[in-house]
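Structure first, commentary second.
The values are calculated or read from the model by the stated rules, or taken from the named source; none is laboratory data. Quick caveat, the model's predicted, so the values are computed rather than measured. Note: ideal-geometry Cβ built from the backbone for every residue, glycine included; neighbour counts use all protein chains shown. Protein only, heavy atoms only, side chains kept; ligands, DNA and RNA dropped before computing areas. Shrake-Rupley method; radii C 1.70, N 1.55, O 1.52, S 1.80 Å.
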Amino acid sequence: EDMGKKPDKEYSIDRICGNGDYEPSNCRWADKSTQSYNRDIQSNNKGGIKGVCQDSRSGKWVAQLSFKGKKFRSEWENKEDAILARLNMEKEVIIV
């Protein structure tokens, strides 16, 4: 009721800050792709940023992003380049 009318059948209530409460200032209507992207960093993430990890086989750093059914991935020799690549992916792919 606090969030107003549901915009589309594909939308549900999403917490902007996943650790926050379900209160109007921390909630929004969002589709599944947006909600999936809005997850916290996984506990096994060694890159320190969402979508950056080190490939255990090659040792290269990987920047990756999945959004609305499309997957983006690139490999880098060092962590800093992978982080920059991930941030650029977010700017180019995601329109928030």
### Task
Choose one of ALA30, ALA85, SER43: the residue whose Cα lies farthest towards the positive end of the charge dipole of the chain (beta-carbon charges +1 Lys, Arg; -1 Asp, Glu; about the Cα centre).
ALA85
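Rounded to the nearest whole Å², what accessible area per residue is found for the chain with the 1.4 Å probe? Mind showing how you got there, number by number?
Values: 7270 Å² over 96 residues.
Spelled out: the 1.4 Å probe surface of the chain, per residue, equals 76 Å².
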### Query
Exactly which trypsin sites (Lys or Arg not before Pro) in region 40-96 are in a DSSP loop and have at most 10 other Cβ atoms within 10 Å?
LYS46, ARG57
### Query
On full extension of the chain, what length is gained from GLN54 through SER74, given 0.36 nm per residue of separation minus the C-alpha to C-alpha distance?
6.1 nm
### Task
Find how many whole Å separate the alpha carbon centroid of region 1-31 from the alpha carbon centroid of region 42-61.
30
### Percent accessible area from carbon and sulfur atoms, the chain, protein chains only, probe 1.4 Å
47
### Summary
Using a 1.4 Å probe on heavy atoms of the protein chains only, the accessible area for SER43 in Å², nearest 10, reads 130
#### Entry: Unit charges on C-beta of K, R, D, E only; dipole of the chain, Debye
380
### Task
Mind pulling the angle between the C-alpha long axis of helix 79-93 and the longest principal axis of the chain? Nearest 10 degrees, somewhere in 0 to 90.
40
## Note on the structure
Binned at 5 Å from zero, the C-alpha pair distances of the chain give percents of 2, 13, 19, 20, 16, 12, 9, 5, 2, 1, 0
### Task
Run the 1.4 Å probe and let me know the accessible area of CYS27, rounded to the nearest 10 Å².
10
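Loop only by DSSP, 14 or fewer other Cβ within 10 Å of the Cβ. Give me the chymotrypsin sites (Phe, Trp or Tyr not before Pro) in region 3-96 that pass, ordered by residue number.
Those that pass, being in a loop and sparsely packed, are TYR22.
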